[in-house]
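Okay, structure first, notes after.
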Amino acid sequence: MRAVIQRVSQAEVVIEGQLKSSIGGGLLVLLGIEDADSEEDIDWLTRKIANLRIFGDENGVMNKSVKEVEGDILVVSQFTLHASTKKGNRPSYIKAAKPERSVPLYEAFVRRISAELGKEVGTGEFGADMRVSLLNDGPVTIVIDTKNKE
């Protein structure tokens with residue numbers, strides 16, 4: 001499981017001209033799922049994201065988590081995070097899980113990160129053509145891959 005986490009002042013997802021989700025300050029999480037991912041990856045990654053200390057404290061030091069600042073989270077599925085560009089110029093997505101595997105894991109991730117945060121999170125729509133806009137705060141962008149957790 002691979003996540004690109006961006007600290008944002010605001011973010012939103014629009015599908016076919018309709019607003020699907022929007023958040024104020026918090027985290028935009030772009031999530032890529034591969035066949036080798038499991039519930040263990042979800043548990044580890046949701047805890048890591050919810051407790052990642054990338055928000056400023058009273059001294060301006062990145063020392064607080066999204067939970068501590070009572071921020072929001074918007075989760076958007078993005079299979080292209082598993083693109084392989086080793087050969088040629090057309091990326092291969094062979095490592096990205098197919099929908100029958102990835103949809104249940106994506107939904108479980110959303111439920112788990114919501115439980116970690118203690119409130120509902122915004123989402124995109126799995127497999128939809130989405131327009132994601134954000135105002136990156138900092139900018140702060142972190143990439144986490146559960147296959148590199150040790």
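For the range 91-117, which positions are basic (Lys, Arg) and within 12 Å of residue 31 (Cβ to Cβ)?
112
Considering each residue of the range 38-85, count those that are more than 21 Å from residue 135 (Cα to Cα), part of a loop (DSSP other than H, G, I, E, B) and in contact with a strand residue (DSSP E or B) (Cβ under 9 Å, 6 or more places away or on another chain), and give that number.
Final tally of qualifying residues: 2.
Based on what the data block shows, is residue 128 surrounded by 12 or more Cβ atoms within 10 Å (Cβ to Cβ), touching a residue at least 60 places away in the same chain (Cβ under 8 Å) and assigned to a loop (DSSP other than H, G, I, E, B)?
So residue 128 fits the description; yes.
Out of 121, 75, 132, 110, report the one residue that is touching a Phe, Trp or Tyr at 6+ places or on another chain (Cβ under 9 Å) and at pLDDT 95 or above.
Testing whether each residue is touching a Phe, Trp or Tyr at 6+ places or on another chain (Cβ under 9 Å) and at pLDDT 95 or above leaves just 75.
Name every residue in the range 84-109 that is hydrophobic (A, V, I, L, M, F, W, C), under 20 Å from the mean Cα position of the chain (by Cα) and within 13 Å of residue 32 (Cα to Cα), in order of residue number.
Of everything in the range 84-109, those that are hydrophobic (A, V, I, L, M, F, W, C), under 20 Å from the mean Cα position of the chain (by Cα) and within 13 Å of residue 32 (Cα to Cα) turn out to be 96, 97, 103, 105, 109.
Conditions tested, residue by residue: (1) over 18 Å from residue 143 (Cα atoms); (2) of a type in the set (Phe, Trp, Tyr); (3) surrounded by 13 or more Cβ atoms within 10 Å (Cβ to Cβ).
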position: 65; (1), (2), (3): no, no, yes
position: 81; (1), (2), (3): no, no, yes
position: 91; (1), (2), (3): yes, no, yes
position: 95; (1), (2), (3): no, no, yes
position: 101; (1), (2), (3): yes, no, yes
position: 109; (1), (2), (3): no, yes, yes
position: 118; (1), (2), (3): yes, no, no
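Give me a count of the residues in the range 48-94 that are in contact with an Asp or Glu (Cβ under 8 Å, 6 or more places away or on another chain) and farther than 23 Å from residue 10 by Cα.
Residues flagged as in contact with an Asp or Glu (Cβ under 8 Å, 6 or more places away or on another chain) and farther than 23 Å from residue 10 by Cα within the range 48-94 amount to 1.
The values are calculated or read from the model by the stated rules, or taken from the named source; none is laboratory data. On a predicted model such as this, the values are computed, not experimentally measured, just so you know. Because the Cβ atoms are built from the backbone with ideal geometry, glycine has one as well, and the counts that use them run over all protein chains shown.
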